[in-house]
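To start, the structure itself, in structure tokens.
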Amino acid sequence: MDLIRLTELSEKYSNGSLNDNENTELFSALKSDSELKSHFEENIELFKNLDLLQIAQLSKKLFYEVENEQHKFRSNLLFLKQNVIRYTAVAAVTIFAVVGTLYFSGWYSYRSHIQSYTRLGNNISTLTNNQKSLWSALFSNYKSEHSYTTGTGFAISTNGYIITSYHIIKDFDSIFVVNNFDSLIRYRADLVYNNQNSDLAILKINDSLFNSLEKIPFKLSNENINLGEYVYTLGYSKQNIVFGEGSVSSYTGFNEDSLTIQVSIPSNPGNSGGPILNSKGEIVGMLCAKSNEIDGATYAIKSEYLYNVIDSLNSKLEINNKVVLPKYNNLSHSDRPQQIKKIQNVIFKVEAY
């Protein structure tokens with residue numbers, strides 16, 4: 001495959017418009033040519049950054065429009081102040097003039113602009129940083145990751161069902177998942193269930209490159225969890241998978257929520273959606289949030305609730321498309337490093353665009 005064809009397929013891959021034949025052509029070529037694979041990764045990063053630059057330029061234009069509104073308002077306010085001083089003898093007429101001028105000068109609409117400016121200011125602040133990152137990415141090896149959001153998910157069925165946090169994907173329409181086994185292949189996934197109140201989502205891999213997962217080594221625990229019990233998690237707070245550990249510190253979560261537990265595991269952006277496992281390697285929950293008031297306090301949705309959600313989803317699915325939960329735990333006789341080796345290929349980085 002020549003570089004021109006690679007660039008064409010890279011652009012289609014970036015915007016999600018590859019057909020099945022093109023998918024096969026692209027990844028067959030990448031697997032057989034490491035240099036081509038390197039060019040492909042550079043192309044994908046470039047397309048992301050070009051999209052970001054376009055967004056930044058649009059926001060800059062909006063920022064100037066708001067600035068012009070602000071300048072216009074200040075000029076009108078100065079004019080009104082001069083008139084008030086000049087016509088103090090006729091207070092009633094002055095008040096009427098002030099109100100009228102404010103109305104026609106756009107003051108009342110400007111109040112809504114102030115709110116928009118605050119929101120836009122936050123966006124511009126972010127996009128300014130993004131723009132700096134963009135130039136660095138274009139002219140150096142720095143990798144910018146501001147154009148999308150990422151989190152963690154874990155497989156619950158060999159046919160491609162993955163549990164994650166809803167807030168990761170709720171504002172995006174393109175979802176991809178990638179695991180530690182082959183970080184080059186990003187599988188497209190569909191949202192098949194979501195609950196905003198519990199911040200829970202279930203994805204289904206829907207990609208021509210995906211057949212099935214070999215095996216799910218863990219199972220969801222159906223036993224009561226104990227206070228002080230050892231737990232650990234795996235997640236994508238960095239580019240590669242990260243391990244964290246702690247213990248169960250409360251039977252309830254935020255505001256005494258009985259569907260969640262509190263664990264003493266430090267968490268960072270990207271950990272959301274990661275599994276919480278006990279010493280036997282069983283899933284006892286899914287990491288969903290952290291406390292801003294209590295150091296090291298992290299909340300996880302109980303496996304009991306995950307069971308109920310999956311049962312509800314299965315009642316709506318056809319027989320050949322149901323979530324088939326693993327019945328056995330293959331990790332109970334393994335030490336923790338061995339558990340992690342067996343688990344990490346079914347822990348996915350979730351990318352939303």
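Considering only residues that are surrounded by fewer than 24 Cβ atoms within 10 Å (Cβ to Cβ) and at pLDDT 95 or above, which ones fall in region 267-278?
Passing the criteria: only 278.
Mind checking which pairs have a first residue in region 227-245 that is in the same structural domain as residue 286 (by TED's automatic domain parsing) and surrounded by 12 or more Cβ atoms within 10 Å (Cβ to Cβ) and a second that is of a type in the set (D, E, K, R) and assigned to a strand (DSSP E or B), Cβ under 7 Å, 6 or more apart or different chains?
Pairs that qualify, where the first residue is in the same structural domain as residue 286 (by TED's automatic domain parsing) and surrounded by 12 or more Cβ atoms within 10 Å (Cβ to Cβ) and the partner is of a type in the set (D, E, K, R) and assigned to a strand (DSSP E or B), are 232/245; 236/349.
Tell me which residues, restricted to region 330-344, are under 24 Å from residue 150 (Cβ atoms), surrounded by fewer than 22 Cβ atoms within 10 Å (Cβ to Cβ) and over 20 Å from the mean Cα position of the chain (by Cα).
340, 341, 342
Please go through (1) out of contact with any strand residue (DSSP E or B) (no Cβ under 6 Å at 6 or more places or on another chain); (2) farther than 22 Å from residue 238 by Cα; (3) at pLDDT 90 or above for residue 161 and return the number of the only condition it doesn't satisfy.
(1)
If you take the residues in region 7-37 that are over 20 Å from residue 177 (Cβ atoms) and among the small types (Gly, Ala, Ser), which one is surrounded by the fewest Cβ atoms within 10 Å (Cβ to Cβ)?
34
For (1) in contact with a strand residue (DSSP E or B) (Cβ under 8 Å, 6 or more places away or on another chain); (2) among the polar types (S, T, N, Q); (3) not in a loop (DSSP other than H, G, I, E, B), each residue gets a yes or a no:
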residue: 273; (1), (2), (3): yes, no, no
residue: 280; (1), (2), (3): no, no, no
residue: 304; (1), (2), (3): no, no, yes
residue: 311; (1), (2), (3): no, no, yes
residue: 328; (1), (2), (3): no, no, no
residue: 333; (1), (2), (3): no, no, no
residue: 338; (1), (2), (3): no, yes, yes
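The values are calculated or read from the model by the stated rules, or taken from the named source; none is laboratory data. What you are looking at is a predicted structure, and each value in this text was computed from that prediction instead of being measured. Cβ coordinates were reconstructed from backbone atoms using ideal geometry, including for glycine residues, and neighbour counts include every protein chain displayed.
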